[in-house]
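Student: If you scroll down you'll find the structure; I have some questions about it.
The values are calculated or read from the model by the stated rules, or taken from the named source; none is laboratory data. Source: prediction; values computed, not measured. We place every Cβ from the backbone using ideal geometry, glycine too, and count neighbours over all the protein chains shown. Just the protein is used for accessible areas: all its heavy atoms, side chains included, with ligands, DNA and RNA removed. Shrake-Rupley method; radii C 1.70, N 1.55, O 1.52, S 1.80 Å.
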Amino acid sequence: MSQLIRNARILTLASPAGPPPGRPHRGRALGDLGVIAHGEVLVSGDRIAAVGEKVDAPADAEVIDANGRVLLPGFVDCHTHACWAGDRLAEWEQKLQGRTYLDILKHGGGIHATVRAVREATQKQLASGLRDRLGLMLREGTTTVEVKSGYGLTTEAELKLLRAIRRAATEWPGTVVATALLGHAFEGELEEYAKMVVKEMLPEVAREFPEITVDAFCERDAWTVEACVRLFEKARKHHPIRVHADQFNSLGMIPEAIRLFARSVDHLEAATKADLVALAASETMGVILPATGFHTDQRYTRAGFFVDQGGAVALATNCNPGSAPTHSMPFAIALAVRHCGLTPAEAIAAATVNAAAVLGLADRGRIEPGLRADLILLHHRDERQLAYELGGNPVDLVICNGQKI
Ligand code: NIG
């Protein structure tokens, strides 16, 4: 069965001058959304079959009249910790009284509180919690989501999380990409713990999830630059690597991430201008997570500066119970334009085509023949409404893998 979406303002995110499939848009060219002001898209099965001002469609195609509204690729949320148990409401109240994220972490709360809850939960309970969040994400236009482990801190518990993510993925029409966040926090001495991760946890995880990306959190009271580098030197032989860096403190991880050809450096709120310039000149992408600053301490990444230097930026929710309790990509877009220096068009590209590039997915993030039919139709005729509106749901219709949701 085919579907013909007519009378739409189409953001293709593709242009003849743009980068090849799977490569990110860089610098201010990011704002080129490849607009077809008045056009049609034909979906056939799970693929986009044709795009243009007028396309040929089979006589029995279901017709969806967009009535001049905006059609764009489904959002790709490329950084989340959406598989967790328990809640962090009590410590959030402490934060409202002025206690910091890192102080809570240092004294055994924060990530460690979620680790305790995850260890007590069954794989089935973890999968069920994630499934609920995936349902919320889909309604707001997210059709591909990355989900990290990192709340296990033992090989067994990390595997339980990764299996829960895999299980929830099979019950969702969108795509879930799991990431092994093996260096999120530690128990005992970091030196010993990190050795255990490299010698035991990484090989066990790799055996069951051979292609998985490996991630770490480089921060004071989390993993040091040295520990991250030791993990990544080993992991990168078989896995893509990503790193959380410069969230609260600039510790020198960015040059190392560039040297190690990391896919991305995520956070960057505390990054120096010199490090942002170096990152912009490299193949490593920058991922911004503005819901984190909004929820914790009002510090945001200078993404506008990074883009001006020619950097490749992506945008994500960071959905997690501690620093970013949101599943909404429209909300992340609204924050990125208010606090990070992106234009509405740039934020949309960062949330679609560039976020797909972070995950190494060349078959989505754009509206082009042959690509996966992940599409969203807004309530609005002007895409700037996506960034303008706060707290509503601008998405009217989601087509995920060719299915109307
Ligand atoms: O990206 N900062 C490290 N990891 C997450 C937060 C996880 C948590 O607090 O539970 C982040 O912000």
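Student: Taking the convex hull of the alpha carbon atoms in the chain, what volume per residue do you get, in Å³?
Tutor: With only Cα atoms used, the chain gives 120 Å³ per residue.
Student: Hey, how many Å between the Cα centroid of the range 37-67 and the Cα centroid of the range 259-289?
Tutor: A separation of 39 Å, based on Cα centres.
Student: If you don't mind, there's one more thing I want to ask. At 222 nm, what value in deg cm²/dmol follows for the chain if DSSP H runs of at least 4 each add -39500 (n - 2.57) and the sum is divided by all its residues, to the nearest 500?
Tutor: -9500 deg cm²/dmol
Student: Right, something else. Beyond 30 Å between alpha-carbons counts as too far, so tell me which of Lys199/Lys273; Lys237/Lys404; Lys106/Lys148; Lys106/Lys273; Lys106/Lys160 fall in that bin.
Tutor: Cα-Cα > 30 Å for Lys199/Lys273; Lys237/Lys404; rest within.
Student: Here's something else I'd like to know. Can you tell me the dipole magnitude for the range 271-405 around its Cα centre, using point charges on the Cβ only (Lys, Arg +1; Asp, Glu -1), in Debye to the nearest 20?
Tutor: Dipole of the range 271-405, to the nearest 20 debye: 120 debye.
Student: I would also like to ask the following. Of the chain, which part is the longest with no trypsin sites (Lys or Arg not before Pro) in a loop (DSSP not H, G, I, E, B) and with at most 10 other C-beta atoms within 10 angstrom?
Tutor: Longest run free of exposed loop sites: 55-236.
Student: Hey, what's the chain come to in accessible area per residue, 1.4 Å probe, Å²?
Tutor: Per residue, the chain has 38 Å² of solvent-accessible surface.
Student: Sticking with this one: Across 10 Å bins from 0, what is the distribution of all Cα-Cα pair distances for the range 209-332, in whole percents?
Tutor: So the P(r) values, bin by bin, are 14, 46, 35, 6.
Student: Percent relative contact order of the chain, based on C-alpha pairs within less than 8 angstrom and at least six residues apart?
Tutor: Details: 933 pairs, mean separation 89.6, N = 405.
Value for the chain: 22 percent.
Student: Of Leu102, Leu181, which has the most accessible area with a 1.4 Å probe, and how do the rest follow in descending order? Please report the intermediate quantities before stating the final value.
Tutor: Numbers: Leu102 30, Leu181 0 Å².
Highest to lowest solvent-accessible surface, that is Leu102, Leu181.
Student: Report, to the nearest whole %, how much of the accessible area of the chain belongs to carbon and sulfur atoms, 1.4 Å probe, protein only.
Tutor: 51
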